[in-house]
Amino acid sequence: MPEALTPRAAEALLRPLDNSATTLTAMLEYLHETGRGANIIGDGGATVTGICLDSRAVQPGDLYVAAPGARFHGAQFAQAALQAGAAAILTDIEGEAAASALGLPVLLVDQVREVIGELSALVYGTDEACPELFGLTGTNGKTTTSYMIRSVLRALGRETGLVGTIEIAAGQTPIPSILTTPEAPQLHGLMARMRELGVAAATMEVSSHSLSYRRVDGLRFAVSGFTNLTQDHLDLHGSMQEYFDTKALLFDLERSDRAVITVDDAWGRKMAAQATAEVWTLASDPATDADWVIDNVVPAGLGHRFQLRGPEEIVLELGTGLPGDFNVSNAALAVLMVLASGVDPDRLQEALNEANPLTVEVPGRMQVIAEAPASIVDFAHNPDALARALASVRSAEPGSRVIVVFGATGERDATKRPIMGAVAARHADVVIVTDDDPHSEDPAPIRAAVAAGARAEIQAQGLRTEVREIHPRAAAIAAAVALAGERDTILVAGRGHEVFQEVMGENLELDDREELRRALLAHGFSPLSAVSDSFDPTDEG
């Protein structure tokens, strides 16, 4: 793992090398033109070359954004921003006194969060010049689909960028980040840096967190895609309807020109009906009423080959080597989003045939560690994702078993814990309940809730599933391998690419892929080559 960067050093990587200057007066005029109340205290001619929300990361010449937070107001840290070289402060009435006392010019607005994205676009010039953006939202499948889009765009000869759960990259340049979804100023700075590096198109995972906290404000997406909506993040949103309403913000015409929406369930159909952007619908069942349907799906190695049928008798021949029926849907969505951006269908088919871009390794997403026993690591961390993953790894070979190792995350939606236990009991033969990331919660009650859900389902359905509770996680993975025969399948679910486990505020080194590989070797099995390095961001959906 690379050495952690300081906030200031990380921030510098999310900026263009050639910063243009903008005056406070220009910002004030923009806000007035767009109907927002604002005024300047001090020198309106002050120039800023960047914009930053974190006083620890301020660069010389920045507009420091002193916004209200859950526990503190950003104005409390304005002195640190001044010492770091801030040129001016953006704040509200609550922060006015502390900001003005420093002697820096102050841009005063009613609601700070409502203007950060647009002012960032003004500062970094992304309101006029930005890579073509592809946005992905949904509960599951965002990461894999975003990797597929990037791969297809590369096959078409385009320089690409990526902003996602696993990594941030501008072309071939990896950009370390201390955040899963950067804040609005960082996203705009990153887009300006990509522009400098010749990036023509960028793919971005758009989580419900980033929409709730207005992190993608000021960005305009050429095409946005929707994978699915299932129970997750209710600790933030409160209800599935609120979760849906947040996701739906991406498909407003003010944010996206076009939308490709998977309509395999009621939430998808509702999303397509509500979206104000130009919509293409996608369905996995060819009998479904949709603009595009997946048809003639046939197994091909670990993956599948299939057709994508659309209007005017357009048929695209596709294939992916990634396991799981859900990856057929992910691949179809990726291709359709590229097609919706205006690519000629024949040219797209040529690129698909030449480069096989839909078979791309995504760290910790249905990642195969060994073939006998089939040993797979996946990020499935909610009921729907776990059910899909388990269903996809079930072998038809007589006598084979599915052994699953998983837990539930602490300080997240607690209602899904027994549900995940029940899902595991229905789809696996052996369920090993262990710890995920407990965070600051006692892990024992979390495990107990998951195991109780599994045992209740076994009793209710008369199942023969075996349930074990084993911790720590490395011991649970080793136990799964000790139980497995060559015909069995081991699925280690929930953490995917992550390389640290947070327990009571401490980050413990833990990589499911390495632990699984180590256990396989210890029991005389032959894993595939060593797994690649990865980042460890926070889970967001």
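The values are calculated or read from the model by the stated rules, or taken from the named source; none is laboratory data. Keep in mind that this is a model prediction, so the values were computed, not measured. Cβ atoms come from the backbone with ideal geometry, glycine included; neighbour counts cover every protein chain shown.
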Sort out which residues of the range 236-287 are polar (S, T, N, Q) and without any contact (Cβ under 8 Å) to a residue 40 or more places away in the chain, and write them in order of number.
SER239, GLN241, THR246, GLN274, THR276, THR281
Filter the range 64-94 for residues that are farther than 25 Å from GLY37 by Cβ and touching a Pro at 6+ places or on another chain (Cβ under 6 Å) and give the result.
GLY85
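Restrict the check to the range 38-52 and report whether at least one residue is crowded, with 21+ Cβ neighbours inside 10 Å, among the hydroxyl-bearing types (Ser, Thr, Tyr) and outside the structural domain of PHE221 (by TED's automatic domain parsing).
Checked the range 38-52: no residue is crowded, with 21+ Cβ neighbours inside 10 Å, among the hydroxyl-bearing types (Ser, Thr, Tyr) and outside the structural domain of PHE221 (by TED's automatic domain parsing).
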Inspect the range 451-474 for any residue being free of Cβ contacts under 8 Å to residues at least 60 places away in the same chain and among the hydroxyl-bearing types (Ser, Thr, Tyr) and give the result as yes or no.
yes
Could you go through the range 24-35 and let me know if any residue there is surrounded by fewer than 19 Cβ atoms within 10 Å (Cβ to Cβ), among the aliphatic types (A, V, I, L, M) and under 23 Å from HIS188 (Cα atoms).
yes
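For every residue, the table says whether it meets (1) among the β-branched types (Val, Ile, Thr); (2) touching a residue at least 60 places away in the same chain (Cβ under 8 Å); (3) over 24 Å from PHE134 (Cα atoms).
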residue	(1), (2), (3)
LEU316	no, no, no
VAL328	yes, no, no
GLU354	no, yes, no
GLU371	no, yes, yes
ALA387	no, no, yes
SER400	no, yes, yes
Among the numbered criteria (1) within 29 Å of LEU197 (Cα to Cα); (2) touching a Lys or Arg at 6+ places or on another chain (Cβ under 9 Å), which one does ALA86 miss?
(2)
Subset of the range 252-269 (residues that are over 17 Å from ALA334 (Cα atoms) and surrounded by 16 or more Cβ atoms within 10 Å (Cβ to Cβ)):
ARG255, TRP267, ARG269
Would you check which residues across the range 286-318 are farther than 23 Å from GLU350 by Cβ and surrounded by fewer than 22 Cβ atoms within 10 Å (Cβ to Cβ) and list them?
PRO286, ALA287, THR288, ASP289, PRO299, LEU302
Residue count, the range 200-210 (criterion: surrounded by fewer than 24 Cβ atoms within 10 Å (Cβ to Cβ) and outside any strand (DSSP E or B)):
2
Selection from the range 395-430 of residues farther than 22 Å from THR230 by Cα and among the hydrophobic types (A, V, I, L, M, F, W, C) yields ALA396, VAL402, ILE403, VAL430
Check whether at least one residue in the range 49-67 is within 18 Å of GLY117 (Cβ to Cβ) and in contact with a Ser or Thr (Cβ under 6 Å, 6 or more places away or on another chain), and report yes or no.
yes
Just to be sure, is GLU498 modelled with pLDDT under 95, farther than 18 Å from PRO323 by Cα and not β-branched (Val, Ile, Thr)?
yes
Residue by residue through the range 391-416, note down the ones that are among the charged types (D, E, K, R), surrounded by fewer than 24 Cβ atoms within 10 Å (Cβ to Cβ) and in contact with a helix residue (DSSP H, G or I) (Cβ under 8 Å, 6 or more places away or on another chain).
ARG394, GLU411, ARG412, ASP413
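Select from the range 383-418 the residues that are polar (S, T, N, Q) and closer than 25 Å to ALA484 by Cβ and write down the one among them that is modelled with the highest pLDDT.
Taking the range 383-418 as the starting set, the residues that turn out to be polar (S, T, N, Q) are 392, 395, 400, 409, 415.
Now restrict to residues that are closer than 25 Å to ALA484 by Cβ: 392, 395, 400.
On the way: SER392: 88, SER395: 86, SER400: 95.
Restricting to residues being polar (S, T, N, Q) and closer than 25 Å to ALA484 by Cβ, the top hit is SER400.
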Restricting to the range 374-391, what's the tally of residues that are part of a loop (DSSP other than H, G, I, E, B) and either touching a Leu at 6+ places or on another chain (Cβ under 8 Å) or not assigned by TED's automatic domain parsing to the domain that holds ASP437 (or both)?
1
Unmet criterion (only one of (1) of a type outside the set (Phe, Trp, Tyr); (2) surrounded by 19 or more Cβ atoms within 10 Å (Cβ to Cβ); (3) in contact with a strand residue (DSSP E or B) (Cβ under 6 Å, 6 or more places away or on another chain)) for LEU197:
(2)
Going by the structure shown, is VAL423 within 20 Å of ALA480 (Cβ to Cβ), outside any loop (DSSP other than H, G, I, E, B), β-branched (Val, Ile, Thr) and in contact with a strand residue (DSSP E or B) (Cβ under 6 Å, 6 or more places away or on another chain)?
no
Any chance you could count how many residues in the range 319-347 are surrounded by fewer than 21 Cβ atoms within 10 Å (Cβ to Cβ) and assigned to a helix (DSSP H, G or I)?
4
